[in-house]
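All remarks here apply to the structure that follows.
The values are calculated or read from the model by the stated rules, or taken from the named source; none is laboratory data. Worth saying up front: this structure is predicted, and the values here are computed from it rather than measured. All Cβ positions, even for glycine, are placed from backbone atoms using ideal geometry, and neighbour counts span all protein chains on display.
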Amino acid sequence: MSNEVEFNSLTKDDVKIRFEDPSGIPSKPTDEEVAKHRKTRLILVVFFAIAVVAMVVVAVIIIIVAPQCEKKEVPENGKVKDTTDENWWKNAVIYQVYPLSFKDSSDDGYGDLKGIAEKMDYFTELGVNALGLSPIYQSPMADGGYDISNYTTIDKTFGTMEGFEEFLKEAHEKGFKIIMEFVPNHSSNKHPWFEESKKSKDNKFRDYYIWRDGAGVGKNQTPNNWISVFGGSAWTYDNTTDQYYLHQFHKEQPDLNLRNDEVKAELKKVLKFWLDKGVDGFRVNAAQFLLEDESFDDEPENSNYNMSDPTYDMLDHTLTYGKKVKL
């Protein structure tokens, strides 16, 4: 049937209207149309195949030439290879542990020695050679254990001395070295040395710490402009003896006087105590703050200096940072 319709008012040659197939289904392409696009499809298929092959080849090459990580094998006896070389620490893998938050074995909310011991196998799998312990000594915890009130006692938060000895024994049996954190720059203000030191100017322990008269006409100003690492003055007034004591960190952490031979002797005793227990070494905390210039002059002010709200970066610390000390 023809799909042409004639209008009576128009001749056949004037107009013709062609109706498309109402089904909406495209008609089958002709052989000419198929042949026209066959070459394009073939090119695309070949290009895609080449791209896939190229990616596979590149991946294989990367796998072959890339350096392979050495597999850490866990020894059958659970021990890490030990060494008696006195320079072992230069090449050792040392895992620094902050015990207070590492692993709580007693559900009291704080990490402890037993918690660390429970992870010994984990350290072995990592290929660790030594464990560095942040302070575990007796402390009021004004600065997370870095304010020490007794250098030769384990804080009850972490356990007991007997528990530490068991921990040390187990660590050594598994081949780990144990490194303690040594904090010679300051003690806690609750340490017996400081409590004695502040009693009077002629106390035996007075010179264990750094005391100075105030500045100004009424001696009611800090001895100089030194600023604490944590901000504010590095000096705190004590009305018992009407003097100021130095603390480069919190006021609860008075600086020890490392020019005092008795202080150095006491600190050597601390080191010997722990070495006799069997620890393998020490990490010295805040070593760059151990000595201050004996002039006690003001330090140079930086351009951002604000006397009413001093922060550590406001001074050029030429007199309080990096001085060498010999124990």
Which residue, of PHE102, PHE167, is of a type outside the set (A, V, I, L, M) and either at pLDDT below 95 or closer than 26 Å to LYS268 by Cβ (or both)? PHE167
Take GLU196 and tell me if it is over 31 Å from the mean Cα position of the chain (by Cα) and without any contact (Cβ under 8 Å) to a residue 24 or more places away in the chain. yes
So, LEU275, is that one of a type in the set (A, V, I, L, M, F, W, C), over 24 Å from LEU133 (Cα atoms) and either assigned to a loop (DSSP other than H, G, I, E, B) or without any contact (Cβ under 8 Å) to a residue 60 or more places away in the chain (or both) or not? no
Residues within the stretch 252-272 that are closer than 15 Å to PRO135 by Cα and part of a loop (DSSP other than H, G, I, E, B), tallied: 1
Qualifying residues in the stretch 191-238 (those that are aliphatic (A, V, I, L, M) and either assigned by TED's automatic domain parsing to the domain that holds ALA142 or in a loop (DSSP other than H, G, I, E, B) (or both)) - the one surrounded by the fewest Cβ atoms within 10 Å (Cβ to Cβ): VAL217
Where residues in the stretch 239-260 are exposed (fewer than 15 other Cβ atoms within 10 Å of the Cβ) and in contact with a Lys or Arg (Cβ under 9 Å, 6 or more places away or on another chain), which of them is nearest to TYR305 (Cα to Cα)? ASP242
Just checking: which of the helices (runs of 4 or more DSSP H) contained wholly in the stretch 95-162 hold 1 or more residues that are basic (Lys, Arg) and surrounded by fewer than 20 Cβ atoms within 10 Å (Cβ to Cβ)? 113-117
Just to verify a result, which residue in the stretch 171-185, among those that are out of contact with any Phe, Trp or Tyr (no Cβ under 9 Å at 6 or more places or on another chain), surrounded by fewer than 21 Cβ atoms within 10 Å (Cβ to Cβ) and not small (Gly, Ala, Ser), is farthest from ASP280 (Cα to Cα)? GLU173
